[in-house]
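Below is one structure; the comments refer to it alone.
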Amino acid sequence: MNREPLTMFCYVDISGQVRGKGIPTRLLEKRLATGVGWTPTNIMFTPMGTIAPSPFGPFGDLILKPDRKAEANVDFGDGSPKEHFFLCDLLTTDGTPWECCPRTLLRRAADDLKSEAGVTLRIAFEHEFFYSGARGRTGDLYALDAVRRHGAFGEILLAALAQCGIEADGYLAEFGEGQFEVTFPPAEPLAACDKAVMLREMTRGTAWRLGHSVSFSPRLSPTAIGNGLHIHMSLWDEAGRPISHDPKGPCGVSATAGKFLAGVLKYMPALCAFTAPTPVSYLRLVPHMWSAAWSSLGYRDREAGIRICPTFDTFRSSTAEQFNFEYRAADASACPYIQVAAILRAGLAGLKQGLPTPEPLVEQDPGAFTDAERQRRGIVRLPGTLGAALDALEADVTVKGFVPPLFLKAYLANKRAELALSQDWTAEQICSRYAEVF
């Protein structure tokens, strides 16, 4: 059969889904210059296939404008159509950025962090997912046999990522049966989020071509191991020098990094509405599950809200270059651009307010503290439901100011509608439905 190649112009919406329009590839150069039409209310789709009450109604038009630097063009070599898409900005019809465009939100947050504080961030994501074709066995956590038994999936995925310009630097079997993790090196925020989107789509595309599926959902069942999305971040000055580390600082945290982290932790309950934005997110964010339940800074602590990560003397890079922090109250049901934009805004607020460095916890459980001790340290329990996270966002004037008013209105309407859909579902139903979506 004859085929005409297609190229997709895509973006990630509020619901964390990659959506867009296709064009015949023969028209690519023309459409790279002009973009294609889009509809404002399309950003109001929920993960469950409904349209949330829209502030835009049936009115208005937008442009999906592709970013030439954000192209995935992958030939799997099996005769199937190429995975060819560009990630796009949302523009108004006069070519100016739309205030609800997720990539624009992130780009402006990064620009403001640089112009107002002289700081740039480098971001890396750890993605965890379950693969239906793993053919796992009891006890194969982190096992060589787990990688062997999932066949060529990992190698095909890494080859696809390489065609996207993503040089994966880690791949392993994780704790859950059929669960795997893939990582890539740090990049500036927009490029890191573009890579995160491509990684998820290439993972899905690889599984589909092998007759299987993957899920990045935070929980596949109420009793199963969850999938995290760990967001690593380090601070650099405008000359490209690392500024996260100070050997004299608490657990090596520099004063500048301490202010940034203090802002993120101060606003973390409200940030959860952006970084863990679905009902299923909160089946994972519970104490003693190796996720994050408290707004704490922990030294090499995988249950802290933010973990101070280790450095290694065997690495060629310096301690200062390696030193980084891991935001743990996040998962892949979120739009990565919105996640990182919110974190950057909170960190910038901490820098501008000159907040003191939080006292890092070293092998301490905030749940074991008295209420008075947690209050002294500024540690609070993170929201236990999406509804509580949205309430925290609506109650926090500062965090509401991190995004334009129109975007905030659209975001809250979208997430409240999603929450209403799931209000009568059991935990099992929530898990099964989100496992399919993500």
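List of remarks:
- Other-chain or far-sequence residues with amide H under 5 Å of Ser244's (modelled H): Leu235
- Here the accessible area is traced with a 1.4 Å probe on the protein chains. For the range 6-98, carbon and sulfur cover 54 percent of it.
- Computed with a 1.4 Å probe on the full set of protein chains, the accessible area for Thr319 sits at about 50 Å².
- Globularity ratio of the range 380-433, using Cα Rg and 2.2 N^0.38 Å: 1.29
- With the alpha-carbon atoms of the range 210-350 aligned to their principal axes, the span from lowest to highest coordinate is 46, 35, 28 Å, starting with the largest.
- Ile308 sits with roughly 0 Å² accessible to a 1.4 Å probe, with DNA, RNA and ligands left out of the calculation.
- Sites listed here are chymotrypsin sites (Phe, Trp or Tyr not before Pro) in the range 73-149 whose DSSP assignment is loop and whose Cβ has at most 12 other Cβ atoms within 10 Å: Tyr142.
- With protein chains left intact and a 1.4 Å probe, residues in the chain average 42 Å² of accessible area per residue.
- Listed by chain and number, the lysines placed with their C-alpha closer than 30 angstrom to that of Lys82 are Lys21, Lys30, Lys65, Lys69, Lys195; residues fewer than eight positions away on the same chain are left out.
- Accessible surface of the range 105-437 [probe 1.4 Å, protein heavy atoms]: carbon and sulfur percent: 53
- Förster radius 51 Å - calculated FRET efficiency between Leu421 and Arg241 (Cβ-Cβ, nearest 0.05): 0.60
- Simple label model, 7 Å out from Cα along Cβ direction - Glu394 to Thr92, nm: 2.8
- Prolate/oblate/rounded call for the chain, Cα gyration tensor, a/c under 1.5 rounded: rounded
- For the chain, the 222 nm mean residue ellipticity estimated from helices alone, with every DSSP H stretch of n ≥ 4 adding -39500 (n - 2.57) and the total spread over all residues, rounds to -10500 deg cm²/dmol.
- Put simply, the range 6-98 fits an ellipsoid with semi-axes of 25, 17, 10 Å; these come from the alpha carbon gyration tensor as the roots of five times its eigenvalues, largest first.
- Label-to-label distance, nm, for residues given as Leu172 and Ser318 (7 Å Cα→Cβ offset): 2.8
- Applying the criteria of a DSSP loop state and at most 10 other Cβ atoms within 10 Å to the trypsin sites (Lys or Arg not before Pro) of the range 2-31 yields Arg3.
- For the range 371-385, backbone phi angles converted through the Karplus equation (6.51, -1.76, 1.60; θ = phi - 60°) give residue-by-residue couplings of 4, 5, 5, 4, 5, 4, 8, x, 9, 10, 6, 5, x, x, 8 Hz, Gly and Pro being listed as x.
- Calculated FRET value between Leu141 and Gln163, using beta carbons and R₀ = 30 Å, to 0.05: 0.50
- Annotation note: chymotrypsin sites (Phe, Trp or Tyr not before Pro) in the range 306-355 located in DSSP loop regions with a Cβ neighbour count of at most 12 within 10 Å are Phe312, Phe315.
The values are calculated or read from the model by the stated rules, or taken from the named source; none is laboratory data. No experiment lies behind these values; they were computed from the predicted model shown. Here the Cβ is made from the backbone with ideal geometry for all residues, glycine too, and neighbour counts use every protein chain on show. Just the protein is used for accessible areas: all its heavy atoms, side chains included, with ligands, DNA and RNA removed. Shrake-Rupley method; radii C 1.70, N 1.55, O 1.52, S 1.80 Å.
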